[in-house]
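A.B. asks: The structure is given below, and queries will be raised subsequently.
The values are calculated or read from the model by the stated rules, or taken from the named source; none is laboratory data. Model, not experiment: these values are computed from the prediction. As a convention, Cβ positions derive from the backbone with ideal geometry for all residues, glycine included, and neighbour counts pool all protein chains shown. All accessible areas refer to the heavy atoms of the entire protein, side chains included, with ligands and DNA or RNA removed. Shrake-Rupley method; radii C 1.70, N 1.55, O 1.52, S 1.80 Å.
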Amino acid sequence: MKAALNLLSRRGFLQASSLAGGGLLLGLSCGPAGSGTAYTFSPSILIRITPDGVITLLAKNPDMGQGVKTSLPMLLAEELDVGLDQVKIEQAPWDARLSDQGAGGSNSILSAWEPLRRAGATARAMLLSAAAQRLKVPADQLSTARARVFHAASGRSLGYGELADAAARLPVPDAAQIKLKPCSAYTLLGTRVPGVDSAAMVRGAPLFCLDHDRPGQLHAVYEQCPQFGGAVVSANLAHIKSLPGVRDAFVLPGSADAMRRHPSVYGLSGYCPGVAIVASSTWAALKAKSVLQVVWQTLPDSQHNSRSEREQALALLIRDGAEVWRDDGDTRAALASATTVVEAIYEAPTLAHAALEPMSCLAEPMPDGGLHLITPSQQPANVPLMIEAVLGLPSQRVRVSIPRLGGAFGRRAESDFVLIAAAMALRMKLPIKLIYTREDDMRHDFYRPPVWQKFRAGLDAQGSIVAWHLHTVRHAFRDPTTPKLRATLFPARFIPNYRVEATMLSSPVPSGAYRAPGNNTNAFMLEGFLDELAHAARQDPLAFRLQMLGQDRELKEPDFDMARMKAVLHLAADRAGWGRILPRGTGLGLASQFSYGGYVAYVVEVSVTPAGRLRVQRVTAAVDVGQIVNLDGAEQQVQGSVMDALSSSLFQAITLDDGAVVQGNFDSYALLRMPDAPGRIDVHFVDSERAPTGLGEPGIPPLAPALCNAVFAATGKRIRSLPLSQHDLSWT
């Protein structure tokens, strides 16, 4: 036994070091109680098979509603030849050996596609080798199905559990020798599989951070300055401490530059100053917070106002841009000689993420001086590094458990709430569950910043675009390279004279990634303006786009495949009945976008009453994201994107007055409700054998422009700013 364990430590360490990204790790661990010297078979960090036949698969990336807790284990199960009904699925905690464990950028499936299938195939190959030795037959005479190895010639079979001990003692085969299944052999991938947590959510099982408890925990809330970054001058702490259930109240000084990225960590440099209230119950903490009185010292530039910022942006749009991001040909000369010139200004507002589960974190000090965090973070690997950088606790002493995330959309990529909970717990030396109220969450977000864009385009006598000039005014990004990349995307390289200028606005408002960052605003503006150009050219909007895309070819750096884009446009138009005659007040709108590796086109059908009551009748989606892993989950991702984008397009905008966010709850920042939901959402996927890309984000960008283009078709009113609730749609 001792020799076997020594073998584990040497070989396991080497394999974990060399194969961390792929997740292969030969695990020799003692089996369940009473199993003698039997070992658990764990050829991957994410796969465990015990001698009693229990198969456990781990989902390595956080699930925030995108379904990866189901789809990632499907990749393992397909190549392992087990059914999901035969396995236990668990959420993996943060593990340094799992190098890509974040959720964002629609990257979970894309990054896991090859490594997880290879991990499952490696486990299957080792089980086949163990069975061949046991049955004394060549491995190529064996087959696998439903967690069993079969020898057809003799009729014998062995369960994976029976082979676990022997397989655990085998060397991991060379990755080059492992063959993956062809698409034609899939039995699980591409089928409909219900979400593994769906039944538990219906039962109210403890899945989310707010559901978790630790022995001796206290409950905490945190009050921050209404103006971003303001410091505490004084507070009625003595009174707060005297209230029933309150255990302590204190100031956390935080840092004035809390919203700035740390130079060496993908995370924040700190957290905002505020007042912490720690109590024996959530109710006691919230009651105390309701009577908390704080005098704040605000920053010099904190008196931000949305109205004056908009006036400043519109004034800047009529000037030359401060920077030139792209300049092809001679745009000014081409505009001067164009047959028709079309101009338009588009605006997109500030948005909050408004995840249904507000921010929360449970921080538990450990006896060894470490810290255990139960945190719904999109980037769990960044949390220990940020704790070390900001709070000084070495990262190797921070353990991160990942509950299910109750929505995120980019908000939980920022971990300010984790830092605050950790700071409280380290001070109190007790487990602390920090909760944000809805108002805390909405007024202390990392917002999608507003954008203003002025378009000028020239058409020739045939209606083709010969010149394109864009001036964008937006907030300065913390990452200055991100918006510049947008200047290289479609329709760049499709128009001979193409110029993009930019002017940055300074703002104290913290900005962050919002579902499909950049694309969600650019698609609304670009696809709306393209619709305007189609009508100015007296062409059908679909035909106009197809003619603009031209002959099929694949562009690189950045990638763009014209054939794939045209395919989703044709598919959406065909399934929606594009071109049919509609009654007055009813219209079809079309838009498409390539983002995060996915090609998506929507046709939206709306009706508008003479009094201006808008009804979304039907949304038809055509999607090409390569192979579909879970058809059920993929459809839900597109349908959820439609609902999410309709919420923001119809109702939502964050405004600031005297530096503070006005909106605080869903009474002033509405979510889509049942009466406003589409009558139908039809989702059609392009059959493909390409490796899959993600679906969490590509479905968001084209919805808003398709909706607004449909409103124009129904009413003749062009929508160039969101939300639609701020527009009068009544017939004239």
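A.B. asks: For a protection proxy built on the mean count of beta-carbon atoms within 10 angstrom, sort 494-500, 676-682 highest first, please.
C.D. replies: Values: 494-500: 20.4, 676-682: 15.9.
Answer by packing, highest mean first, reads 494-500, 676-682.
A.B. asks: Just want the answer: with Cβ charges of +1 for Lys and Arg and -1 for Asp and Glu, which residue in 572, 353, 279 is farthest toward the dipole's positive end in the chain?
C.D. replies: 279
A.B. asks: In addition: Kindly flag which residue pairs out of 484/566; 69/179; 556/717; 60/287; 136/179 have an alpha-carbon separation exceeding 28 Å in this structure. Show your work: numbers first, answer last.
C.D. replies: On the way: 484/566 26 Å; 69/179 25 Å; 556/717 38 Å; 60/287 38 Å; 136/179 23 Å.
Going by Cα-Cα distance, 556/717; 60/287 fall outside the 28 Å limit.
A.B. asks: Just how many % of Cα pairs in the chain lie over 53 Å apart, if you round to the nearest whole percent?
C.D. replies: Working: 43770 of 267546 pairs.
For the chain, the fraction of Cα-Cα distances above 53 Å is 16 percent.
A.B. asks: Can I ask one more? Treating only the Cα positions of segment 107-209 as identical point scatterers, give the base-10 log of I(q)/I(0) from the Debye formula at each q in 0.20, 0.21, 0.22, 0.23 Å⁻¹.
C.D. replies: The calculated log intensity ratios at q = 0.20, 0.21, 0.22, 0.23 Å⁻¹ are -1.08, -1.13, -1.18, -1.23.
A.B. asks: Ordered by residue, what ³J(HN,Hα) values in Hz, to whole numbers, does segment 41-46 give under the Karplus form 6.51 cos²θ - 1.76 cosθ + 1.60, where θ = phi - 60° and Gly and Pro are x?
C.D. replies: 8, 9, x, 9, 4, 9
A.B. asks: When you count, for each residue, the other Cβ atoms within 10 Å and take the mean per peptide, how do 217-226, 699-708 rank with the highest first?
C.D. replies: Working: 217-226: 23.1, 699-708: 30.3.
Descending packing order for the listed peptides: 699-708, 217-226.
A.B. asks: While we're looking at this one, here's another question. State to the nearest 20 debye the size of the charge dipole of segment 342-454 about its Cα centre, where the only charges are +1 on K and R beta carbons and -1 on D and E beta carbons. Walk me through the numbers on the way to the answer.
C.D. replies: Values: 12 positive and 12 negative charges, 58 e Å.
Dipole of segment 342-454, to the nearest 20 debye: 280 debye.
A.B. asks: Can you give me the relative contact order of the chain as a percent, contacts being Cα pairs under 8 Å and 6 or more apart?
C.D. replies: Details: 1625 pairs, mean separation 99.3, N = 732.
In percent, rounded to a whole number, it is 14.
A.B. asks: Quick check for me: using +1 on Lys/Arg Cβ and -1 on Asp/Glu Cβ, what's the dipole size of the chain about its Cα centre, in debye to the nearest 20?
C.D. replies: For this selection, approximately 1120 debye.
A.B. asks: Give me the percent of the accessible area of segment 594-668 that comes from carbon and sulfur atoms, probe 1.4 Å, all protein chains in place.
C.D. replies: On the way: 1080 of 2160 Å².
Here carbon and sulfur together make up 50 percent of the probe-accessible area.
A.B. asks: So what is the 222 nm mean residue ellipticity for the chain from helices alone, if each DSSP H run of at least 4 adds -39500 (n - 2.57) and you divide by all residues, rounding to the nearest 500 deg cm²/dmol? It would help to have the intermediate numbers written out before the result.
C.D. replies: Details: 18 runs with 216 residues, N = 732.
Result for the chain: -9000 deg cm²/dmol, rounded to the nearest 500.
A.B. asks: Amide H to amide H, which residues 5 or more places from residue 683 or on other chains are under 5 Å from it, using H placed in the peptide plane?
C.D. replies: 621
A.B. asks: Here's another thing I want to ask about it. Accessible area of segment 221-327 with a 1.4 Å probe: how many percent of it is carbon plus sulfur? List each step's numbers first, then the result.
C.D. replies: Values: 2890 of 5480 Å².
C and S fraction of accessible area: 53 percent.
A.B. asks: A further question on this structure: Of 137, 525, 541, which is farthest on the positive side of the dipole of the chain, counting Cα position, with +1 on Lys and Arg Cβ, -1 on Asp and Glu Cβ, and the Cα centre as origin?
C.D. replies: Comparing the listed Cα positions along the dipole, 137 ranks first.
A.B. asks: Would you work out which of 488, 420, 461 lies farthest towards the positive end of the dipole of the chain, given +1 charges on the beta-carbon of Lys and Arg and -1 on that of Asp and Glu, about the Cα centre?
C.D. replies: So the residue furthest toward the plus end is 420.
A.B. asks: Counting only heavy atoms of the protein chains, get the accessible area per residue of the chain (1.4 Å probe) and round it to a whole Å² value.
C.D. replies: Accessible area per residue: 40 Å².
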